Amino acid sequence: MTASMRPDDGQAQAIGSICIVGGGTAGWSAAALLSQVLRGSGCRITLVESSAIPTVGVGEATIPPIFDFLRNIGADEVEFIRRCRATFKLGIQFRDWLHHGHAYWHPFGNLGVTINQRPFHHYYCMNRAAGHGETLADLCPSVALAEDGKFAFPSPDGQWPGGAVAYALHFDAGLVAAFLRDHAVAAGVERLDRRIVGATRGEGERIAAVQFDDGESLEADFYIDCSGFRGLLIEETLGAGFEDWKHWLPCDSAVAAPTAAQEQRAPYTVATARSAGWQWRIPLQHRTGNGLVYASDFISDADAQAQLLAGLDGEAQADPRVLRFTAGLRKRAWVGNCLAIGLSAGFLEPLESTSIHLIHTGLNRLLDLFPDRRFDPALIAAYNRDVHREYAHIRDFLLLHYVPNRREGEPFWDHMRGLDLPDTLAEKIELFTRTGRIMSRQRELFSDISWFYVMHGMGLTPAALDPLAEAAPFGEVRKVIDQLRGAMQAFRSAAPTHDAILDRLLDPAETRRPQFGTGGGWTTR
């Protein structure tokens with residue numbers, strides 16, 4: 001055994017202190033997760049935020065892995081829903097993206113059932129090509145529920161159709177940060193309400209200390225930069241560099257304004273294409289979140305604001321506020337003893353509600369590659385490679401919503417249709433349009449069925465299908481589809497409304513709780 005492998009050496013090199021710079025959803029997510037994982041280790045976690053600096057705080061929609069994160073930090077999901085004024089989300093309805101008057105769904109959950117070990121989307125395309133009229137609402141439980149304004153937890157037995165339901169949450173991002181703060185502080189995280197004005201560098205590419213505006217400083221072994229777009233540590237101090245993707249994703253601005261809560265809160269997000277971007281509508285318990293994401297090269301701020309206000313379902317409850325951003329990511333999200341999480345690491349427009357998810361995957365990746373005070377470069381390099389892979393995958397998926405559009409004569413949409421695509425996306429589109437196949441890689445966020453939903457929604461059709469799927473007698477396939485449609489009709493008819501589920505969860509007298517994100521059913525805790 002060499003000296004560096006002595007059993008006590010690892011303990012001597014263990015990280016003893018972590019400084020998280022910035023609060024908001026990113027900072028407090030980091031604090032909540034690390035305080036859970038490092039409980040009993042003796043590691044001191046300090047989060048520094050200034051109450052005088054507002055957070056971005058407009059992220060209101062998530063994807064299903066949000067429940068994994070809540071379980072990982074030991075949070076009570078019902079308490080989270082109550083405090084964060086959350087509603088359920090079965091997917092996203094896209095309006096006017098292919099052309100004006102057209103709409104399609106990207107739902108959570110599965111479509112149909114596997115037949116002869118082949119994915120159902122082949123049979124769905126085959127059925128449509130044969131002239132049959134079944135839509136996603138007849139064969140995808142999440143779409144059926146969404147169209148009816150209903151909601152159901154996945155059935156415990158996993159059988160179709162209930163077993164094919166998946167869901168996420170809409171919530172108030174400001175309330176989420178407060179929930180996570182309380183959770184983390186209760187777990188022992190120290191919160192400092194101080195303003196950081198800079199940092200000093202140590203040996204090599206390391207942070208030695210952060211400097212406060214009163215001249216004092218704070219030292220730590222490991223720094224997590226959650227300072228937002230500014231990148232106070234990762235960029236201003238360490239110069240990580242930024243990989244700009246505006247040439248692919250030119251939307252660089254957003255204007256947001258809330259309206260009153262919907263009378264019947266829809267269990268889905270709406271994304272409506274506009275002249276130079278798109279508008280979101282997200283229903284919460286107490287209000288509706290609205291915003292317009294747009295490309296400032298194609299529309300002025302004033303016209304974007306007017307377009308947002310004209311597209312609201314009710315009167316704005318606050319003056320619209322403009323946010324600026326650039327699509328892309330740090331060339332290195334981890335440098336030395338500093339890791340960027342959230343907006344400090346990068347930004348992709350929130351079309352598929354991935355912003356908060358990227359916070360959580362960044363933290364999960366940190367757990368997989370958690371360092372000691374030596375900060376082995378191999379860990380850092382592996383982390384940075386995986387971050388780039390993940391962002392590029394999501395970038396390609398976002399582009400898929402734009403490129404096949406048929407909104408001819410509109411400068412922004414003409415520009416998007418004429419883009420020179422990344423090879424990774426061009427290959428995916430070619431494979432599907434020629435053969436109906438979709439090949440996702442292991443650990444990619446969007447699976448084959450998500451790619452199908454958007455490809456199909458954006459008018460892409462395969463020239464040929466899987467020969468193994470076509471080998472199935474079509475009469476037998478039709479029998480399966482008829483059975484699925486009948487089961488779906490019974491399922492959606494029996495399901496309660498979304499509001500009825502929310503009212504039950506929010507009732508203080510309700511003692512039974514659903515098994516979130518696992519297999520449904522209500523249990524007593």
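The values are calculated or read from the model by the stated rules, or taken from the named source; none is laboratory data. For clarity, every value in this text was computed on a predicted model and none was experimentally measured. Note: ideal-geometry Cβ built from the backbone for every residue, glycine included; neighbour counts use all protein chains shown.
Within segment 411-448, take every residue that is charged (D, E, K, R) and within 30 Å of residue 296 (Cβ to Cβ) and give me the one that is surrounded by the most Cβ atoms within 10 Å (Cβ to Cβ).
It comes out as 428.
Considering only segment 491-511, state which residues are loosely packed, with under 12 Cβ neighbours inside 10 Å and polar (S, T, N, Q). Passing the criteria: 493, 511.
Contact map, segment 82-109: first residue over 27 Å from residue 413 (Cα atoms) and touching a residue at least 60 places away in the same chain (Cβ under 8 Å), second residue among the charged types (D, E, K, R) and assigned to a loop (DSSP other than H, G, I, E, B), Cβ cut-off under 7 Å, separation 6 or more or different chains; pairs are 84/172; 85/172; 87/265.
Out of the residues in segment 404-420 meeting the condition of being in a loop (DSSP other than H, G, I, E, B) and in contact (Cβ under 8 Å) with a residue 24 or more places away in the chain, tell me which one is farthest from residue 354 (Cα to Cα).
So, considering only residues that are in a loop (DSSP other than H, G, I, E, B) and in contact (Cβ under 8 Å) with a residue 24 or more places away in the chain, the one farthest from residue 354 (Cα to Cα) is 410.
Would you say residue 82 is closer than 30 Å to residue 153 by Cβ, of a type outside the set (S, T, N, Q) and surrounded by fewer than 20 Cβ atoms within 10 Å (Cβ to Cβ)? Taking the combined requirement at face value, the residue satisfies it. What residue, among those in segment 229-287 that are closer than 22 Å to residue 25 by Cα and acidic (Asp, Glu), is farthest from the chain's Cα centre (by Cα)? Checking each candidate, the answer is 236.
Of the residues 146, 164, 173, only one is touching a residue at least 60 places away in the same chain (Cβ under 8 Å) and buried (at least 23 other Cβ atoms within 10 Å of the Cβ); which?
Of 146, 164, 173, the one residue that is touching a residue at least 60 places away in the same chain (Cβ under 8 Å) and buried (at least 23 other Cβ atoms within 10 Å of the Cβ) is 146.
Is it true that some residue in segment 142-149 is in contact with a helix residue (DSSP H, G or I) (Cβ under 6 Å, 6 or more places away or on another chain) and among the acidic types (Asp, Glu)? For segment 142-149, residues in contact with a helix residue (DSSP H, G or I) (Cβ under 6 Å, 6 or more places away or on another chain) and among the acidic types (Asp, Glu): present.
Kindly evaluate residue 440 against the criterion of being closer than 27 Å to residue 168 by Cα, at pLDDT 95 or above and outside the structural domain of residue 66 (by TED's automatic domain parsing). So residue 440 does not fit the description; no. Criterion applied to 460, 431, 398, 421 was being under 29 Å from the mean Cα position of the chain (by Cα) and within 27 Å of residue 364 (Cα to Cα), and the one residue passing it is 398. Among the residues making up segment 383-403, those that are over 17 Å from residue 354 (Cα atoms) and out of contact with any helix residue (DSSP H, G or I) (no Cβ under 9 Å at 6 or more places or on another chain) are 384, 385. Got at least one residue in segment 187-201 being charged (D, E, K, R) and either free of Cβ contacts under 8 Å to residues at least 12 places away in the same chain or touching a Lys or Arg at 6+ places or on another chain (Cβ under 6 Å) (or both)? No, segment 187-201 contains no residue that is charged (D, E, K, R) and either free of Cβ contacts under 8 Å to residues at least 12 places away in the same chain or touching a Lys or Arg at 6+ places or on another chain (Cβ under 6 Å) (or both).
Determine, yes or no, whether residue 35 is at pLDDT 95 or above and surrounded by fewer than 23 Cβ atoms within 10 Å (Cβ to Cβ).
Yes, satisfied.
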